Amino acid sequence: MPNDIRTLSVTGLASQLIEARQTSHTLLNCFCTALGSEQLAVPFKENLNPPLWEFGHVAWFADYWIARNPGRSHGRQYQPVAHSPSALASADGLFNSATVAHDTRWQLPLLAIKGIQQYLKDVAIRTEDCLVSDMAALEIPNRPDASHSVIDNASYFYRLALAHEDMHAEAFYMTAQDLGFPLPGTDRPPWAPAANESQHQFIEPAAETAQASTFRRNELVARPQITIPKQSLALPHPASGFFFDNEAEALSASLEDCEIDTEPVSHAAYAAFIEDQGYQRPELWSPQGWAWRERHRLNGPKHLSLSNGRFCRQWFGQTLEIPDWFPMIHVSLYEAQAWARWAGRQLPTEAQWVAAAQWAPEHFRWGNVWEWTASTFLPFDGFQPHPYKEYSAPWFGDHQVLKGASWITNNRLRSLRFRNFYKPHRADVFAGFRTVDALRNYGDSLLNSP
Ligand SMILES: [Fe+2]
């Protein structure tokens, strides 16, 4: 990917950081327009943050790990040091996500909108000043003897802050979709042909998928699949460049051969499950999934209605018709598992997903929706937390791995290595799924592999 956060040159970092911050300002302005109050008040929900808190947190994160961090040149080798005080009084008590609990964020004396805007601007200036002086001190990129590790360490926290800002940008789109108001680009949904020319990557369907829209279950098995031969998968993190702590040391697994969908499950295929009373049949659901469905009295997926064979989707405050070939989106892990059981299939493990993407990159299509996998989010062997130790470790064991990327994921973040993770009930994520055949006995070793 161009401008991949992992390999982007240090000379390109400054412009990408500026671009990401401009996006944050644009999004904040859109939130002001949509929410129209001085405090950008939104209902208390487990999947949301108060927007003013979240914009302030984006600024705080960069400031804390870059300008306020005397140990930043050590990168992921950083040993804890005392960070310098914030120029913004009580910033740590307001915006540190590791210490300010989610519930508490709704009761804080946050800054007014203008104060948050100024905080974002001030931190951007400090970040840029640090970047210029750090690179000048190392004579990067002109110093031919600078080792990869010196450059990687010197640029580590800048890449981390850039990735962090991009992840929150996607979270702001999730918030707007949840609350039903537009953001830049949402008037051109990812299934519209015009979206091809937008900044967002659009993955067109294979021709046979677009033509094979059908609600008939027996045709589901004819959905395009590829066979991945038995293999030993090894995806080590690269010798140089940026990576997240949860990607090190390596993803490895012994895989039996399997047939995997070349594309995520479409709206048409999902509709067949709904029409076959999938939401009324507990035997298709895990106990936790059925309890979740019961608790929310769901008879279908979030944001979707179906009438006369046409799909209408709530899309950032509008009701839009969505083509039946487009990947199913906004489903929880529970719904994905129930569909797979109904279809006589199962979700791929994380290792199967990566193996297929590597084995047949020209056939394996991903990038419109995050994809739930069968793998619990767990550390790879040899895991060591990076300095931002709350990024991964607190979430091992009760979150599920999603692979790929969504229509709104910044191109800088797209990578086969990326491990996204959410709790199973989250249907507000731009997530769908694909399946593998369930006819073979994969054995315990595979089921336990990441
Ligand atoms: Fe964050």
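The values are calculated or read from the model by the stated rules, or taken from the named source; none is laboratory data. Note that the structure is a prediction, hence the values are computed from the model and not measured. Positions of Cβ are backbone-derived with ideal geometry, glycine not excepted, and every protein chain shown enters the neighbour counts.
Please indicate, with yes or no, whether at least one residue in the stretch 403-424 is farther than 26 Å from residue 14 by Cα, over 17 Å from the mean Cα position of the chain (by Cα) and assigned to a loop (DSSP other than H, G, I, E, B).
There is no residue in the stretch 403-424 that is farther than 26 Å from residue 14 by Cα, over 17 Å from the mean Cα position of the chain (by Cα) and assigned to a loop (DSSP other than H, G, I, E, B).
Against the definition (away from the ligand (no atom under 14 Å from the Cβ), of a type outside the set (A, V, I, L, M, F, W, C) and in contact (Cβ under 8 Å) with a residue 12 or more places away in the chain), how does residue 83 come out, yes or no?
For residue 83, the condition - away from the ligand (no atom under 14 Å from the Cβ), of a type outside the set (A, V, I, L, M, F, W, C) and in contact (Cβ under 8 Å) with a residue 12 or more places away in the chain - is met.
Sort through 31, 55 and tell me the only one that's more than 15 Å from the ligand (Cβ to nearest atom), over 30 Å from residue 138 (Cα atoms) and of a type in the set (Phe, Trp, Tyr).
31
Give 245, 261, 257 a once-over and let me know the one that is assigned by TED's automatic domain parsing to the domain that holds residue 371, crowded, with 20+ Cβ neighbours inside 10 Å and of a type outside the set (A, V, I, L, M, F, W, C).
Exactly one of 245, 261, 257 is assigned by TED's automatic domain parsing to the domain that holds residue 371, crowded, with 20+ Cβ neighbours inside 10 Å and of a type outside the set (A, V, I, L, M, F, W, C), namely 261.
Give the residue, chosen from 111, 88, that is under 19 Å from residue 44 (Cα atoms), more than 16 Å from the ligand (Cβ to nearest atom), in contact with a helix residue (DSSP H, G or I) (Cβ under 7 Å, 6 or more places away or on another chain) and not in a helix (DSSP H, G or I).
Being under 19 Å from residue 44 (Cα atoms), more than 16 Å from the ligand (Cβ to nearest atom), in contact with a helix residue (DSSP H, G or I) (Cβ under 7 Å, 6 or more places away or on another chain) and not in a helix (DSSP H, G or I) holds for just one of 111, 88, which is 111.
Let me confirm something: among 386, 399, which residue is over 24 Å from residue 225 (Cα atoms) and without any contact (Cβ under 8 Å) to a residue 40 or more places away in the chain?
399
Just wondering, is there one or more residues in the stretch 374-383 that are within 30 Å of residue 296 (Cβ to Cβ), without any contact (Cβ under 8 Å) to a residue 40 or more places away in the chain and in contact with a strand residue (DSSP E or B) (Cβ under 9 Å, 6 or more places away or on another chain)?
Within the stretch 374-383 (the criterion being within 30 Å of residue 296 (Cβ to Cβ), without any contact (Cβ under 8 Å) to a residue 40 or more places away in the chain and in contact with a strand residue (DSSP E or B) (Cβ under 9 Å, 6 or more places away or on another chain)), the answer is yes, since at least one residue qualifies.
Here are some conditions: (1) under 22 Å from residue 413 (Cβ atoms); (2) assigned by TED's automatic domain parsing to the domain that holds residue 124; (3) under 19 Å from the mean Cα position of the chain (by Cα). Residue 18 meets all but one. Which one does it not meet?
Only one criterion is unmet by residue 18, namely (3).
May I ask you to verify whether residue 86 is outside the structural domain of residue 386 (by TED's automatic domain parsing) and under 26 Å from residue 134 (Cβ atoms)?
Yes, satisfied.
For residue 429, are the conditions met, namely being out of contact with any Leu (no Cβ under 6 Å at 6 or more places or on another chain), surrounded by 20 or more Cβ atoms within 10 Å (Cβ to Cβ), in a strand (DSSP E or B) and not small (Gly, Ala, Ser)?
no
Between 62, 67, which is touching a residue at least 40 places away in the same chain (Cβ under 8 Å), assigned by TED's automatic domain parsing to the domain that holds residue 122, within 16 Å of the ligand (Cβ to nearest atom) and small (Gly, Ala, Ser)?
62
Which of the residues belonging to the stretch 55-85 are among the charged types (D, E, K, R), in a helix (DSSP H, G or I) and over 19 Å from residue 149 (Cβ atoms)?
Taking the stretch 55-85 and keeping what is among the charged types (D, E, K, R), we get 63, 68, 72, 76.
Subsequent filtering for residues that are in a helix (DSSP H, G or I) retains 63, 72, 76.
Residue satisfying the conditions is 63 alone.
If you check residue 16 against the conditions, is it in a helix (DSSP H, G or I) and more than 15 Å from the ligand (Cβ to nearest atom)?
On the way: in a helix (DSSP H, G or I): yes; more than 15 Å from the ligand (Cβ to nearest atom): yes.
Answer is yes for this residue.
How many of the residues making up the stretch 326-355 are part of a loop (DSSP other than H, G, I, E, B) and surrounded by 20 or more Cβ atoms within 10 Å (Cβ to Cβ)?
10
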